[in-house]
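Asks: What follows is a single structure, and I will ask about it in a moment.
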Amino acid sequence: MRVCFICGSLEPGKDGVGDYTSLLSAALAAEGHSVSIIALHDKHLHGHHFIESQLPDEKTIHTLRLSNNMKWRHRIRKAGDFIDDHGPDWLSLQFVPYSFHDKGLPYILPDKLKNLGRDKKWHIMFHELWVEKHGDRFYGLLSTLQSLIIRRLVRSIRPRVIHTSISEYVTRLRRIGANAAILGLFGNIPYNDGAIGHQINETDGRRFNLLHFGAAPKPENFPDIVDALKRALATAAISLYIIAAPSQRKEEYLRALSELEMAFGPKFSVIDLGFIENTARISVIMQQMDIGISRVSPRYIGKSGTAIAMLEHGLPVWVFNWRPGEDHIDYGFRKQLIINELSAAFQQKKSETPYQSLLPVVATQLANNLNDNS
């Protein structure tokens, strides 16, 4: 099978869907498929950029990165030439509204893609759909416009196969006439067993290493996190490690946590590791943690690459905003490790759960689904 993935950006460590696309491409190439990638709206380039990526088994992934500063007509022409050169059977669109437009409104994308792949079979993976309305006029308008764009996209390119990662999205797509199936995600941090990067102090059963990996939580969630940490600190000491890029929200998060540092002294410490691009280093850090923290809404665990990466590494994942009985977690992988109470997460502390990557399963499912619809 010959497949060309189309995503927004491909800068390593700077775009979650780009990292997903790169890992999935490598897995498919390792299975013997011919794979290429086009980054159609790359936010990290000033001009078009061509890369050949050599894999360990000498497979080659041809990659075309096109800057978002280029005019669309130039990008589509270069992308079309690239597709003609590599002759894929399938074009696989990895869709997030904000990947193709800074305001999340890629209104010209449906027509551009229709012209790009007139004689090709299309596949769409919807990583994100339209935003929720939240009872707000702005988000209500944005939600309506995004849903119209997605509806036009499906009608324009007429994909033979549509995937998304969670059942809620399957239902929402069905409402606009798009029949989708679930293609699960995999973690964005491959396992690394080498001694690289930050070495964490070993715990002794009385101190626990917690990991917050990814963007800071919303400020309205700070009190829930702080209160849960206070309760946990009554029985154990905690070191909280944070891997996240600088942001105003992160600074606010650190200030909220600093109150606990002052109140509990050496019993509670926050270690800000900053943004780490090296996934091998992140993997080693994960292996030294006791518990991971997920900031996403409980029903969205199945589309969180960071939460899944922690589960793949065998970490219990504390979902601080999960209210069992009110919120349903629609995710089956290592569900016993998904915890709503930090004290329960202490009892579930990582021990014998080995690393398990979901990437091979996802790659095989995608290849089978495309082959079945050829």
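The values are calculated or read from the model by the stated rules, or taken from the named source; none is laboratory data. This is a predicted model, so every value here is computed, not measured. For neighbour counting, all protein chains shown are included, and Cβ atoms are generated from backbone atoms with ideal geometry for every residue, glycine included.
Asks: For the condition aliphatic (A, V, I, L, M), touching a strand residue (DSSP E or B) at 6+ places or on another chain (Cβ under 6 Å), more than 26 Å from W322 (Cβ to Cβ) and modelled with pLDDT of 90 or more, what is the one hit in A237, A178? I'd like the intermediate steps shown before the answer.
Replies: Values: A237 fails: more than 26 Å from W322 (Cβ to Cβ).
So the residue among A237, A178 that is aliphatic (A, V, I, L, M), touching a strand residue (DSSP E or B) at 6+ places or on another chain (Cβ under 6 Å), more than 26 Å from W322 (Cβ to Cβ) and modelled with pLDDT of 90 or more is A178.
Asks: Keeping to segment 295-350, report how many residues are aliphatic (A, V, I, L, M) and over 14 Å from the mean Cα position of the chain (by Cα).
Replies: Kept after step one, since they are aliphatic (A, V, I, L, M), are these residues of segment 295-350: 296, 301, 307-311, 315, 317, 319, 329, 337-339, 342, 344-345.
Retained after the next criterion (residues that are over 14 Å from the mean Cα position of the chain (by Cα)): 315, 317, 319, 329, 337-339, 342, 344-345.
Of the residues in that region, 10 qualify.
Asks: Report, by residue number, each residue of segment 49-84 that is under 23 Å from P97 (Cβ atoms) and assigned to a loop (DSSP other than H, G, I, E, B).
Replies: N68, N69, M70, K71, listed by residue number.
Asks: Restricting to segment 154-166, name every residue that is part of a helix (DSSP H, G or I) and out of contact with any Lys or Arg (no Cβ under 9 Å at 6 or more places or on another chain). Give the steps one after another, and end with the answer.
Replies: First pass over segment 154-166, keeping only residues part of a helix (DSSP H, G or I): 154-157.
Selection gives V154, R155.
Asks: Being in contact with an Asp or Glu (Cβ under 9 Å, 6 or more places away or on another chain) and not in a loop (DSSP other than H, G, I, E, B) is the filter; apply it to segment 94-131 and report the residue that is farthest from L10 (Cα to Cα).
Replies: Here the residue is K121.
Asks: K103 - would you say it is surrounded by 17 or more Cβ atoms within 10 Å (Cβ to Cβ) and among the basic types (K, R)? Full working, then the answer.
Replies: Working: surrounded by 17 or more Cβ atoms within 10 Å (Cβ to Cβ): no; among the basic types (K, R): yes.
In short, no.
Asks: Let me ask something additional. Evaluate the following for L91: is it crowded, with 17+ Cβ neighbours inside 10 Å, in a loop (DSSP other than H, G, I, E, B) and touching a Lys or Arg at 6+ places or on another chain (Cβ under 7 Å)?
Replies: No: the conditions fail for L91.
Asks: Can you tell me how many residues within segment 21-48 are in contact (Cβ under 8 Å) with a residue 40 or more places away in the chain, hydrophobic (A, V, I, L, M, F, W, C) and farther than 13 Å from A367 by Cβ?
Replies: 3
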